[in-house]
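**Student:** Mind looking over this structure? Questions follow.
What follows draws every value from the coordinates through simple rules; no lab data is involved. All values reported here derive from a predicted model rather than from experimental measurement. Methodologically, a virtual Cβ is constructed for each residue, glycine included, from the backbone with ideal geometry; neighbour enumeration extends over all protein chains shown.
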Amino acid sequence: MTIGPLMIDLAGTEITPKERDWLQHSAVGGVILFTRNLIDKSQFKDLIAEIHAIKSPRLLVAIDQEGGRVQRLRDGFTAFPAVRNLGHSFDQDAAKAVQLSHYFAQQLAFELRDIGIDLSFAPVLDIDYGLSTVIGDRAFHSDIDALSRLAISFQSGLRDGGMESVAKHFPGHGGVKADTHTEVSIDTRSEAEIWNADIIPFQRLIANQLAGVMSSHVIYEAVDSKPASLSPIWLQKVLRQQLSFQGVIFSDDLSMQGALSQGSIEQRLEQALEAGSDMLLICNRPQDVPAALDYLIDYNVPASQLRLARYHGRKAKALTEEAQQLLNTWINDLGKNESLSLNLEP
């Protein structure tokens, strides 16, 4: 059996018989979990073990655990601040902030690996232009060099914590105001503007052996009329050929409005695969899953399966006592400082 190209979600805290049938399908290679799947840490760990036991090679288990607003697991886990706070710290002491970024990511990954999760969709490489509310403080910084240094250290920390990175949202979501979850979002900048800014952090992480990228549903109209996630120009010509990226390409959720506008689930899957995606996400639209399974029943790309195999989680290395103390002190100090909010909104 192979690692299929589809990643789906679960409705609740247990796997239903219908969901089990879906997970056993050859097209399904992964599961993305959300807060709704959690009762407590013990139950969540058992759920992940059950998912892993369904078939071999085992299903990849993913989650969005960035810190700040986007942190699915909180009770029993470190209350990580939004990574913008690393950017603020960088402005005060760059070397210390880079070190903290490593520790932040290592601890985050260590906690996820401890319960069996294989990957978190992080880090965010979008540049903060002060436009995008959906990105906002999820971005490390508005300065490309600061962002890149923090993100490279974050990538290294995830590796020490036992997992590979998924850099998002290629080629960059920070230049638009509209949220692709709910709107069709169009970036009107020139191709040169995007190349000279947004692509640079991706380029630098790729040079540091980046294992995965998540594509954006934004339409960059100077380059293509399709969203980047469905664009062979962005994913094959730019990412694979010009940037020499050899890792996994994850689509963003194909149920988001930025993708829904492009047609039926079969049409969206077809476009994403033709664009060059290795793994396709369908979240919060279980009604689309049966048609997706039928469409993908004979899909088999060995190169994608080899790339995806890198994402099975590895043994994690815990922080040293000194590193843990430094990280905890930084987080606690942020909580006491009104100007550096932990930003723990749902």
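**Student:** Which order do the peptides 120-129, 221-230, 145-154 take when ranked by the mean count of other beta-carbon atoms within 10 Å per residue, highest first? Walk me through the intermediate numbers first.
**Tutor:** On the way: 120-129: 25.4, 221-230: 21.1, 145-154: 23.1.
Peptide ranking by packing, descending: 120-129, 145-154, 221-230.
**Student:** Can you give the charge dipole size of the chain about its Cα centre, rounded to the nearest 20 debye, using +1 on the beta carbon of Lys and Arg and -1 on the beta carbon of Asp and Glu?
**Tutor:** 740 debye
**Student:** In whole Hz and in residue order, list the ³J(HN,Hα) couplings for the range 228-236 that follow from phi through the Karplus curve 6.51 cos²θ - 1.76 cosθ + 1.60, θ = phi - 60°; x for Gly and Pro.
**Tutor:** Values, residue by residue: 4, 5, 10, 10, x, 5, 6, 7, 9 Hz.
**Student:** Using just the helices of the chain, give the 222 nm mean residue ellipticity in deg cm²/dmol: DSSP H runs with n ≥ 4 each add -39,500 (n - 2.57), and the total is spread over all residues, rounded to 500.
**Tutor:** Working: 12 runs with 127 residues, N = 346.
Taking each H run of at least 4 residues, the total per residue is -11000 deg cm²/dmol.
**Student:** Any idea which of Ile117, Phe77, Ser101 is furthest toward the positive side of the dipole for the chain, if Lys and Arg beta-carbons carry +1 and Asp and Glu beta-carbons -1?
**Tutor:** Ile117
**Student:** So which lysines pass the test for Lys45, namely a Cα distance under 26 Å, with those fewer than 8 places away in the same chain ruled out?
**Tutor:** Answer for Lys45, where 26 Å is the Cα cut-off: Lys18, Lys55, Lys315, Lys317, listed by chain and number.
**Student:** Right, here's the next one. With charges only on Cβ, +1 for K and R and -1 for D and E, what is the dipole size of the range 121-258 about its Cα centre, in debye, rounded to 20?
**Tutor:** Working: 10 positive and 17 negative charges, 77 e Å.
Roughly 380 debye for the range 121-258.
**Student:** Less than 13 Å Cβ to Cβ from Lys96, Lys/Arg counted +1 and Asp/Glu -1: what total charge do the surrounding residues give?
**Tutor:** Numbers: positive: Arg149; negative: Asp91, Asp93, Asp333.
Combined, the nearby Lys, Arg, Asp and Glu give -2.
**Student:** Can you return the lysines within cross-link range of Lys226? Criterion is Cα-Cα under 30 Å, with same-chain partners fewer than 8 residues away left out.
**Tutor:** Hits, sequence-local ones excluded: Lys168, Lys177, Lys237.
**Student:** Given a Förster radius of 51 Å and the C-beta distance between Tyr299 and Gln92 as r, what FRET efficiency does 1/(1 + (r/R0)^6) yield to the nearest 0.05?
**Tutor:** Values: r = 50 Å, r/R0 = 0.97.
That pair, Tyr299 with Gln92, gives E of 0.55.
**Student:** If you build the Cα gyration tensor of the chain and take the root of 5 times each eigenvalue, what three semi-axes come out, in whole angstrom, biggest first?
**Tutor:** On the way: eigenvalues 169, 129, 62 Å².
One finds semi-axes of 29, 25, 18 Å for the chain.
**Student:** Taking the Cβ-Cβ separation of Thr35 and Glu221 as r and a Förster radius of 45 Å, what is the calculated FRET efficiency to the nearest 0.05?
**Tutor:** Details: r = 35 Å, r/R0 = 0.78.
Computed FRET efficiency for Thr35 and Glu221 comes out at 0.80.
**Student:** Then there's this: Quickly work out the Gln241-to-Lys177 label distance, labels modelled 7 Å from Cα along the C-beta direction, and quote it in nm with one decimal.
**Tutor:** 3.6 nm
**Student:** What does the C-alpha gyration tensor say about the overall shape of the range 186-334? Classify as rounded when a/c is under 1.5, otherwise prolate if a/b is larger than b/c, or oblate.
**Tutor:** Numbers: a/c = 1.76, a/b = 1.37, b/c = 1.28.
Verdict is prolate for the range 186-334.
**Student:** Here's something else I'd like to know. When the chain is fully extended, how far beyond the present Cα-Cα distance does Trp195 get from Ala79, taking 0.36 nm per residue of separation? All intermediate terms of the calculation are to be shown ahead of the outcome.
**Tutor:** Details: separation 116, 0.36 × 116 = 41.76 nm, distance 3.48 nm.
Extra length from Trp195 to Ala79 when fully extended: 38.3 nm.
**Student:** Assuming a ≥ b ≥ c are the square roots of the Cα gyration tensor eigenvalues, decide whether the range 20-80 counts as rounded (a/c under 1.5), prolate (otherwise, with a/b larger than b/c) or oblate.
**Tutor:** On the way: a/c = 2.78, a/b = 1.91, b/c = 1.45.
It comes out prolate by the Cα gyration axes.
**Student:** Assigning unit charges at the beta carbon (Lys, Arg +1; Asp, Glu -1) and nothing else, what dipole magnitude in debye, to the nearest 20, does the range 52-130 show about its Cα centre?
**Tutor:** Values: 8 positive and 10 negative charges, 59 e Å.
Computed about the Cα centre, the dipole is about 280 debye.
**Student:** Please give the direction-averaged projected area of the C-alpha convex hull for the range 34-152, in square nanometres with one decimal. Before the final figure, lay out each step's value.
**Tutor:** On the way: hull surface 31.5 nm².
Result: a mean projected hull area of 7.9 nm².
**Student:** Same structure, new question: Tell me which residues come under 5 Å, amide H to amide H, from Val248 once H is placed; ignore anything under 5 positions away on its chain.
**Tutor:** Here Gly212, Val213 satisfy the definition.
**Student:** In nm, what is the difference between 0.36 nm times the number of residues separating Asp143 and Gln325 and their Cα-Cα distance? Can you show the working numbers first?
**Tutor:** Details: separation 182, 0.36 × 182 = 65.52 nm, distance 2.83 nm.
The span from Asp143 to Gln325 would gain 62.7 nm if fully extended.
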